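Participant: Once you've had a glance at the structure underneath, I'll fire off some questions.
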Ligand SMILES: [Zn+2]
């Protein structure tokens, strides 16, 4: 069993009622440090000190522009814990595409808070893990990154997360931002549950899209009828009612699902 808590379920333009896509696996893995990830972790009752792993699918702003706020808050929390408990630095793992460490440091610089990177390294045992396509470990998280096709100028990864407890293990998949592609098919074949983006069409007819839409979600559902699909990264244009009728789960922001 895995608990998924959605800190946001919207696409890049955060349509009415939906903040930017981001979710938490159980209490310790934050997937996508979206612009509102920090306040929404608090709103959903998570303790910052429980966040052990942060996962990034790709470098678009809606997926990682919350990093400066998150890192400063985590570092401040770790500093206070260090002083109060005389404890050592705790470890924070950050998983992402090749170049993740540099990209996040540049984000802090662009935000005129370049010093937050050093603050993170001072108060946290920060470990960056670049995906390499194999099964990898980042602290308590066993995962595999699978490259998907999103936009031609940026590498984007979907993920398989192995979750286990006394009652057995399951694979929770996440699509990142994607179009129908071999990577998405592989994610769907291996996962027991797949959190998949459904941005909806955002290009004129005939122009290739860089996202999933109602039609491609339906095709994925038909090709993998036993796979539980949970949609996120939703655009205002998506007809959620018809997809819910088709048997796909569509959470609202702040919903907590046990799968
Ligand atoms: Zn996105």
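Participant: On a full-extension model of 0.36 nm per residue, what is the gain between residue 151 and residue 49, subtracting their alpha-carbon distance, rounded to one decimal in nm?
Facilitator: This chain segment gains 33.3 nm when fully extended.
Participant: Still on this structure, please answer the following. Antiparallel versus total DSSP beta bridges in the chain: what percent is that, nearest 5?
Facilitator: Restricted to the chain, the bridges split so that about 55 percent are antiparallel.
Participant: A further question follows. So what's the back-of-envelope 222 nm ellipticity for the chain, counting only DSSP H runs of four-plus at -39500 (n - 2.57) apiece and dividing by all residues, rounded to 500?
Facilitator: That comes out to -8500 deg cm²/dmol.
Participant: Would you mind checking the tilt of helix 67-85 against the longest principal axis of the Cα atoms of the chain, expressed as 0 to 90 degrees and rounded to 10?
Facilitator: Approximately 40 degrees, to the nearest 10.
Participant: Also, quick follow-up: Using Cα pairs closer than 8 Å and at least 6 residues apart in sequence, work out the relative contact order for the stretch 65-176, in percent.
Facilitator: Computed over the stretch 65-176, the figure is 21 percent.
Participant: Continuing with this model, one more query. Quick check: residue separation of residue 61 and residue 222 times 0.36 nm, minus the Cα distance between them. What number comes out in nm?
Facilitator: Length difference between fully extended and current span is 54.8 nm.
Participant: Roughly how many nanometres apart are two label points built 7 Å out from the Cα toward the Cβ at residue 189 and residue 136?
Facilitator: 2.2
Participant: Mean separation of Cα pairs under 8 Å and 6+ residues apart, divided by the residue count of the stretch 1-84: what relative contact order is that in percent?
Facilitator: 25
Participant: Tell me, in nm to one decimal, what length is gained between residue 256 and residue 103 on full extension, where the rule is 0.36 nm per residue of separation less the Cα-Cα distance?
Facilitator: Gain on stretching residue 256 to residue 103: 52.0 nm.
Participant: Distance between the C-alpha centers of the stretch 184-205 and the stretch 36-85? Whole Å please.
Facilitator: 26
Participant: Fewest Cβ neighbours within 10 Å first, please rank 41, 220 accordingly.
Facilitator: 220, 41
Participant: Rounded if a/c is under 1.5, else prolate if a/b beats b/c, else oblate: with a ≥ b ≥ c from the C-alpha gyration tensor eigenvalues square-rooted, which is the stretch 101-241?
Facilitator: oblate
Participant: Within 10 Å of each residue's Cβ, count the other Cβ atoms and sort 244, 5 from fewest upward.
Facilitator: 244, 5
Participant: Before anything else, pin down the relative contact order of the chain: Cα pairs under 8 Å, at least 6 apart, normalised by residue count, whole percent.
Facilitator: Relative CO of the chain lands at 20 percent.
Participant: Considering only DSSP beta bridges with both partners in the stretch 5-151, what is the antiparallel share in %, to the nearest 5?
Facilitator: Just about 40 percent of them are antiparallel.
Every read-out reported here was derived from the displayed coordinates using simple, explicitly stated rules and does not represent laboratory data. Only a predicted model underlies this, so the values are computations on that prediction, with no experimental measurement involved. As a convention, Cβ positions derive from the backbone with ideal geometry for all residues, glycine included, and neighbour counts pool all protein chains shown.
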